1. Could you tell me which of rounded, prolate or oblate describes the range 3-122, using a ≥ b ≥ c as the square roots of the eigenvalues of the alpha-carbon gyration tensor, with rounded for a/c under 1.5 and, failing that, prolate when a/b is larger than b/c and oblate otherwise?
2. How much FRET efficiency would the formula 1/(1 + (r/R0)^6) give for Glu11 and Lys103, where r is the Cβ-Cβ distance and R0 is 25 Å, rounded to 0.05?
3. Calculate, for Asp210 and Ala70, the FRET efficiency according to 1/(1 + (r/R0)^6) with r their C-beta to C-beta distance and R0 51 Å; round to the nearest 0.05.
4. Could you work out how much longer the chain between Ile59 and Glu46 gets when fully extended? Use 0.36 nm per residue separation minus the Cα distance between them, nm to one decimal.
5. Please work out how much length the chain gains when fully extended from Asp230 to Ala112, using 0.36 nm per residue of separation minus the C-alpha to C-alpha distance, in nm with one decimal.
6. For Leu193 paired with Ile19, estimate the spin-label separation in nm (one decimal), with each label point 7 Å from Cα along the Cα-to-Cβ line.
7. Dipole size in debye (nearest 20) for the range 132-227 around its Cα centre, Lys and Arg Cβ +1, Asp and Glu Cβ -1?
8. So for the pair Val159, Ser176, with labels modelled 7 Å out along Cα→Cβ, what separation do we get in nm?
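No value in this document is a laboratory result; all are computed from the given coordinates. This one's a predicted model, so the numbers in the text were calculated from it and none came from an experiment. Methodologically, a virtual Cβ is constructed for each residue, glycine included, from the backbone with ideal geometry; neighbour enumeration extends over all protein chains shown.
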Amino acid sequence: MRKVLVLEDEENIRSFVVINLKRAGYETVEAGTGEEALALLRQNPEVKVALLDIMLPGIDGFEVCRRIRAMDSKIGIIMLTARTQEMDKVTGLMTGADDYVTKPFSPAELTARVDALFRRTGDAQAPRTLDELWQGPFLLNLRNRTLEKDGRRIKLTQVEYGIIRLFMENPGKALSREEILDSVWGRDYFGELKIVDVNIRRLRIKIEDDPTNPAYIITVWGFGYKWVIDRETGGAEPAEGEKEKK
Ligand code: CA
């Protein structure tokens with residue numbers, strides 16, 4: 001989940017920020033005061049990045065930043081500074097902020113900064129979080145939508161990612177081609193089941209040691225496919241079945 005806290009007392013600026021973050025695919029939590037922001041952070045531990053305005057009623061943004069750092073060292077913090085307050089960015093960085101954006105900022109500038117911070121805080125986090133599925137030689141990162149095999153990145157299309165995610169969330173389960181089509185392409189997709197087979201074939205070329213004798217994506221005849229992560233049993237099972245190549 002990509003959740004951002006937005007602390008800004010001016011409602012029009014706050015909604016401008018929130019709308020643009022949502023458009024960029026983020027979820028948001030909104031606060032108008034520092035006290036409120038700190039309370040919301042305690043209720044929403046999954047927030048990974050906080051945008052903090054400085055001039056606020058009650059405690060100011062620097063103080064919020066200090067208090068956040070006192071309870072969470074990993075969260076990414078971006079200060080929203082006014083152009084006239086050049087010292088703000090220095091003070092902000094000294095109180096533990098990671099970055100700052102000067103008002104007025106463009107939506108593109110803001111989301112670029114948030115994206116960058118998400119990538120960095122993602123890297124700094126303890127590995128193997130719930131955002132990752134780790135099976136056999138495969139590591140699927142659900143946040144970045146990436147797949148690694150033995151530590152090497154495998155480039156996937158969005159559809160291939162959708163299929164591999166479905167498989168890894170259902171290890172050992174036979175999935176019908178209809179199920180795969182519904183889950184990955186969506187229920188309102190009016191296509192042929194064959195598209196599933198075409199994508200599976202391409203996926204096998206990318207992830208299997210020997211695509212003609214797949215060990216991970218096993219064909220279940222007359223039905224669909226199954227994800228198997230045990231190399232030994234997986235390798236033997238499909239040998240006869242996979243001879244049919246259409
Ligand atoms: Ca303000």
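1. On the way: a/c = 1.18, a/b = 1.03, b/c = 1.15.
Rounded is the answer for the range 3-122, as its axis ratio a/c remains below 1.5.
2. Details: r = 15 Å, r/R0 = 0.59.
Once rounded, the FRET efficiency stands at 0.95.
3. Values: r = 54 Å, r/R0 = 1.06.
Working from the Cβ atoms, E equals 0.40.
4. Values: separation 13, 0.36 × 13 = 4.68 nm, distance 2.34 nm.
Here the answer is 2.3 nm.
5. Details: separation 118, 0.36 × 118 = 42.48 nm, distance 4.07 nm.
Between Asp230 and Ala112, full extension yields 38.4 nm more.
6. Placing both labels 7 Å beyond Cα along the Cβ direction yields 4.7 nm.
7. Values: 16 positive and 14 negative charges, 51 e Å.
I would put it at about 240 debye.
8. The answer from the label model is 2.1 nm.
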